[in-house]
Every structure is written in C-alpha cells, then in structure tokens.
Amino acid sequence: MNRRDFLGAATVLAAASALPAPSVAAGLPPATVRHLPRWRGFNLLEKFTKRTEGNPAFAEADFEMLAEWGFDFVRLPLSYLCWSEAGDWRKLEERELRHLDEAVEFGRRHNIHVNLNLHRAPGYCVNPPKEPLDLWKDAEALEACRFQWAHLARRFKGVPAERVSFDLLNEPADIPEATYVRVVKALVEAIHGEDPGRLVIADGLKWGTAPVRGLAGLGVAQSTRGYEPMQISHHKASWINGSDRWPEPTWPLHPGRPDEVNRETLRKSRIEPWKALEAMGVGVHVGEWGAFNRTPHAVTLAWMKDCLGLWREAGWGWSLWNFRGSFGVLDSDRQDVRYETHRGHKLDREMLEVLREG
C-alpha cells in the first residue's frame, strides 16, 4: 500500500469511527456473539512473533487470493512485542500498528473478515519464551493486557462487527476456570468501555479445546481447535516432545483397536461438548486447525475431509493454520505433493480444493 492509498484508508477508518456503525457490512454476513457466521479462511503470521530483523506488513496479495478462492476470514495471531516492550507496554510503535490498519483495509476491499488475536499478550503466551509477568496472577500484567486491548478497541471503534472481531488470548492453558473468567471479564470491560459494539471471542481452556460455560454470560463468543488427534496434526513436529517417535499415522487412526479415532469419535469428543455450549447462546468458531507437513498427504486430506464435514454439519466456520507455510496450501514444503506454481508460490491444489469444498 502506498502512502496515498494508506491515507485514504485511514480516512475511511476515521469516518467509520465518527458515524453509527451499519448493521451489516456490505458483502459480509451478520455477526453476533450468539451466532457467528460460518467464516472460512486462514491464519496469517506476519506478526505472530517478533522478528529481530523487523516484521513485515501484511500482504494484500494474500487477501486477493483468498477472495478469489471464495474464503472470507483471516485470523491474525499477534505478538504485542511487535509494537511494545515487555517492560514499557504503554509505549506503542505506531509504524507497526499501522500494519493492522492496512490489514483491516485489505479486508474491507476484498470482503474478508479480520480477526485480531493476541497470541502473545502481556503475561501469557503458549509458546516460549515465558513472559516476565503472569497474566493469571499479576495485577500489572492484567493492566498491561487491558491497556493493549483498549488501544485496539479505540483504534477500530465503529468498524462493523461483520468486518472486525477481537480474539482475546491464544490457547489459555489448563488453568482454573474462575481465574480465566476473571481475566476475560476484565479484558471485555476494557474493550467495551471504548467500543461497546465490538465483537469479542475467547478461546476455550486447555489450549483451546475445552468450552468454558462460565463465560456464557459475559457477551463473548468462543473459539475451539481442530488438532485432534495430535498424532496426525503434529506428526514429527519438532516442538512436540516425542512426536518423532510416533508411528506413521493413518486415518482413521488405530483402525480396529479400542482406541481408534475416527469421524464419529471426533463428533463425540470435539463437537458435542461445544454444541452444548452453543445451546447456551454462545457462537462457536474453529480458530485453528491443520496438519504439519510431515504427515502423509493422503492421510492429511482424508482427515481434513472428515473434520470439514463435521464442522459443516455443526454450522461452524474455521481458520487453517496457516496460509503460507508448513501447515498451509502455499509453500508447505511437503515431500509427497506435486505442487502447482501460482503467483510465485508453490500451491497445493489438491488441499485447496478440499478446503474450498468444505
């Protein structure tokens, strides 16, 4: 985006802040806490972690391709360290934050919903290194997190919920539900104090896998995960201890054994508990899912088809981790795929078509 285009986008955002938000953004379905659309798309990782050489802006070419292929959702997992320092979280780097403005504008141009997620928040991240403070225990960490979300709420105030949503914290661990509810309540208050109409989503507990009934009255939707079974989704993933010793997976997993995992066992373990939450008036979306590039391609696609079928039956949308990279449809570096060249990338056409059908 050149300077003139960006200034035009900033004018659009400022105008949106000054006017009452329309009930539905043009070209996108209505979105409420009680009923999330069946958004389908990908995680884009430009701000996933702070890079020593500096983080790039989000690429409009990604939004263009997604729109051409019929997708309507991007989740942006963000590290607050891209624009702040752990010890000076009130100081914001405006140049980095403008990249978020650009992504929201790209979403507007291409009719793609943009979901902003603090993957690394002050006091918590599922990935190393550990934060110096503990969001679940330290008042300063919670205040820092409230400050970050309040700023983003002011920044995008008035942009319709159909276009932008906030996903508070990525994959909270196995912590007490009451602790999580207390933190989520504080963050929602900070956001809605700035922008009462902002759509807020909270990840489930136990790394996104467990629905949280205690959040049902707080005016937030919830996000689940689609990585089960891990023997398929994370086969030989270097960050999962012991995964290099797992046998090569099949789908269904362990067929004919008492511990077989198949479409019906996934329905019972990963769909039914979340449908019970949905019956309480809580919208559900699958914020992350996918399979690492060491899982055989045929197994990956067969498993994907069953996951997609279950979510289609449930009426839920999803967001693949990731778009470009080892789980994605572009540049995934799988050794058993015949790639197609597309806009300078290596495209896994077969996976793309499975996703489009789903």
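Just to verify a result, which residue in region 69-115, among those that are of a type in the set (Asp, Glu) and closer than 28 Å to Asp138 by Cα, is farthest from the chain's Cα centre (by Cα)?
The initial filter retains those residues of region 69-115 that are of a type in the set (Asp, Glu), namely 72, 85, 88, 93-94, 96, 101-102, 105.
Checking the rest, the ones that are also closer than 28 Å to Asp138 by Cα come to 85, 88, 93-94, 96.
Details: Glu85: 23, Asp88: 26, Glu93: 23, Glu94: 23, Glu96: 19 Å.
The selected residue is Asp88.
Do any residues in region 190-205 that are over 11 Å from Val164 (Cα atoms) have Cβ atoms under 8 Å from those of residues that are assigned to a loop (DSSP other than H, G, I, E, B) and among the polar types (S, T, N, Q), where the two are at least six apart or on different chains, and which pairs are they?
Asp203/Asn170
Could you look through region 220-244, keep only residues that are in contact with a strand residue (DSSP E or B) (Cβ under 7 Å, 6 or more places away or on another chain) and assigned to a loop (DSSP other than H, G, I, E, B), and pick out the one that is surrounded by the most Cβ atoms within 10 Å (Cβ to Cβ)?
Ranking the qualifying residues of region 220-244, first place goes to Val220.
Listed here are the residues, each with its yes/no results for (1) part of a strand (DSSP E or B); (2) crowded, with 20+ Cβ neighbours inside 10 Å; (3) modelled with pLDDT under 95.
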| site | (1), (2), (3) |
| --- | --- |
| Phe42 | yes, yes, no |
| Arg51 | no, no, yes |
| Arg108 | no, yes, no |
| Ala144 | no, yes, no |
| Trp149 | no, yes, no |
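Testing Ser79 on (1) hydroxyl-bearing (Ser, Thr, Tyr); (2) touching a residue at least 60 places away in the same chain (Cβ under 8 Å); (3) surrounded by fewer than 23 Cβ atoms within 10 Å (Cβ to Cβ), one condition comes back false. Which one is that?
The single condition Ser79 does not satisfy is (2).
Have a look at Gly309, Gly315, Gly283 and point out the one that is on the phi > 0 side of the Ramachandran plot, at pLDDT 95 or above and not acidic (Asp, Glu). Lay out the reasoning, then the answer.
Values: Gly309 fails: on the phi > 0 side of the Ramachandran plot; Gly283 fails: on the phi > 0 side of the Ramachandran plot.
Answer to the check: Gly315.
Grab the helices (runs of 4 or more DSSP H) fully contained in region 258-337, keeping just those with 2 or more residues being of a type in the set (Phe, Trp, Tyr). Outline the logic, then answer.
Working: elements: 263-266, 272-278, 297-314.
Those helices (runs of 4 or more DSSP H) span 297-314.
Restricting attention to region 166-187, which residues are crowded, with 21+ Cβ neighbours inside 10 Å and in a helix (DSSP H, G or I)? Outline the logic, then answer.
Filtering region 166-187 down to residues crowded, with 21+ Cβ neighbours inside 10 Å leaves 166-172, 180, 183-184, 187.
Listed by number, the residues that qualify are Tyr180, Val183, Val184, Leu187.
The values are calculated or read from the model by the stated rules, or taken from the named source; none is laboratory data. What you are looking at is a predicted structure, and each value in this text was computed from that prediction instead of being measured. A quick note on method: Cβ atoms are made from the backbone with ideal geometry, for glycine too, and the neighbour counts reach across all protein chains shown.
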